[in-house]
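Student: Dropping the structure in here first, questions after.
The values are calculated or read from the model by the stated rules, or taken from the named source; none is laboratory data. These figures come from a predicted structure and were not determined experimentally. Quick reminder, even Gly has a Cβ in these numbers, built from the backbone with ideal geometry, and neighbours come from all protein chains shown. Areas reflect the complete protein model, heavy atoms only, side chains present, ligands, DNA and RNA absent. Shrake-Rupley method; radii C 1.70, N 1.55, O 1.52, S 1.80 Å.
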Amino acid sequence: MRTKIVAGNWKMNKNMEETEALLAELSAKLPDTKAQVIVSPTFVNLAAAKRSLQASTIQVAAQNMHFAESGAYTGEISADMLLNIDVDIVILGHSERRAYFGETDELLAKKVKTAIEKGMKTIFCFGEELEDRKSDNHFSVVESQLKNALFDLDAEAWKSIILAYEPVWAIGTGETASPEQAQEMHAFIRKTIASAYDASIADEVSILYGGSVKPDNASDIFSKPDVDGGLIGGASLKSDDFAAIIAAI
Ligand SMILES: O=C[C@H](O)COP(=O)(O)O
């Protein structure tokens, strides 16, 4: 049985007081769920989030990290720094990191490797752009993103990987992939992993969908057999909306 997960990526939103207030609201409204719920505030608010959630089942993830142990990397954050404040989940490969900060599959492979070595869980994001889908290249783009960043991992490492398929054309646009499009791609991802490794790894990895998930479309998307939850952007910034999405799983 795969773990169901709903994760909220807050991106560059919410100051410390707003972080604490949103988490207090969310904790009060958290529906009864077996899903793993994760929130991902900005780096500077991770410690405050951990404090706010001390008595909660809600987990905290970072939105990025560097691959190096430490050193002269101005502005960067290491795995050990995250672990030092008890943050052991990291989002890597988000399309905004790829598009605005030049993160490549090769760089992401290094980051994932570090996360695994440090005992962290990775929410690994990937997905095609609109032109890829229009030109019917979406499957090959996704396959190469997975292959380049993840397929050097050993089988054991996959226990620490959560996948998040996020078609770039659906992120923050209000345009969601249809539940059928999400299911088709998630099934393809599982098949690709089964070919590279084996069926049990493919069956066990949780694959989240991300891209304009809202309270009114969440249950249709989550009802698909290969969709194990969501990575939620905008709608995770409002406690009512995020709680409704969690309730839809
Ligand atoms: O990480 C989350 C995704 O970028 C989705 O964002 P969105 O729900 O605002 O479309």
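Student: Can you return the aspartates and glutamates within cross-link range of Lys29? Criterion is Cα-Cα under 15 Å, with same-chain partners fewer than 8 residues away left out.
Tutor: Cα-Cα hits under 15 Å: Glu20, Asp240, Asp241.
Student: Compute the separation of the alpha-carbon centres of the range 96-170 and the range 181-207 and state it in Å as a whole number.
Tutor: 14
Student: Okay, moving on. What is the spin-label model distance, in nm, from Phe151 to Glu69 if the labels are put 7 Å beyond Cα along the C-beta direction?
Tutor: Those two pseudo-labels are separated by 3.1 nm.
Student: Report the full-extension gain for the segment Asp136 to Asp203: residue separation times 0.36 nm, less the Cα-Cα distance, to one decimal in nm. Present the calculation step by step, with values, prior to reporting the outcome.
Tutor: Details: separation 67, 0.36 × 67 = 24.12 nm, distance 2.59 nm.
Using 0.36 nm per residue and subtracting the Cα-Cα distance, I get 21.5 nm.
Student: Only helical DSSP H runs with n ≥ 4 go in: add -39500 (n - 2.57) per run for the chain, normalise by residue count and round the 222 nm mean residue ellipticity to 500 deg cm²/dmol.
Tutor: Details: 11 runs with 103 residues, N = 249.
After summing the helix terms and dividing by the residues of the chain, the value is -12000 deg cm²/dmol.
Student: At a 1.4 Å probe, what is the % contribution of carbon and sulfur to the accessible area of the chain? If you can, show how the numbers build up before the last one.
Tutor: Working: 5620 of 11350 Å².
Of the solvent-accessible surface of the chain, carbon and sulfur hold 50 percent.
Student: Quick check for you: with a 1.4 Å probe and neighbouring chains kept, what is the accessible area per residue of the chain, in Å²?
Tutor: Values: 11350 Å² over 249 residues.
Dividing the accessible area of the chain by its residue count gives 46 Å².
Student: Any idea what the relative contact order of the chain is, in percent, if you count C-alpha pairs under 8 Å spaced at least 6 apart? List each step's numbers first, then the result.
Tutor: Details: 467 pairs, mean separation 56.8, N = 249.
Contact order relative to length: 23 percent.
Student: Restrict the search to the range 31-132; then list the chymotrypsin sites (Phe, Trp or Tyr not before Pro) that DSSP places in a loop and that have at most 11 other Cβ atoms within 10 Å of their Cβ. Mind showing how you got there, number by number?
Tutor: Details: sites: Phe43, Phe67, Tyr73, Tyr100, Phe101, Phe124, Phe126; in loops: Phe67, Tyr73.
Passing both the DSSP loop test and the Cβ count: Tyr73.
Student: Of Lys4/Lys134; Lys14/Lys214; Lys118/Lys224; Lys11/Lys111, which pairs sit farther than 28 Å apart, going by alpha carbon to alpha carbon? List each step's numbers first, then the result.
Tutor: Details: Lys4/Lys134 31 Å; Lys14/Lys214 19 Å; Lys118/Lys224 33 Å; Lys11/Lys111 19 Å.
Lys4/Lys134; Lys118/Lys224, as the Cα separations exceed 28 Å there.
Student: Over 10 Å intervals from 0, what percent of Cα-Cα pairs in the chain sits in each interval?
Tutor: For the chain, the pair-distance distribution reads 7, 34, 38, 19, 2.
Student: Shape call for the range 81-156 from the C-alpha gyration tensor, a ≥ b ≥ c root eigenvalues: rounded (a/c under 1.5), prolate (a/b greater than b/c) or oblate? Could you put the intermediate results ahead of the total?
Tutor: Numbers: a/c = 2.76, a/b = 1.80, b/c = 1.54.
Verdict is prolate for the range 81-156.
Student: How many nm is it between the label spots at Ala24 and Gln54, if each spot is 7 Å from the Cα in line with the beta carbon?
Tutor: Once both label points are built, they end up 1.5 nm from each other.
Student: Hey, which aspartates and glutamates would be in cross-link range of Lys113, C-alpha to C-alpha under 13 Å, not counting anything within fewer than 8 residues on its own chain?
Tutor: Glu69, Asp105, Asp152, Asp154, Glu156
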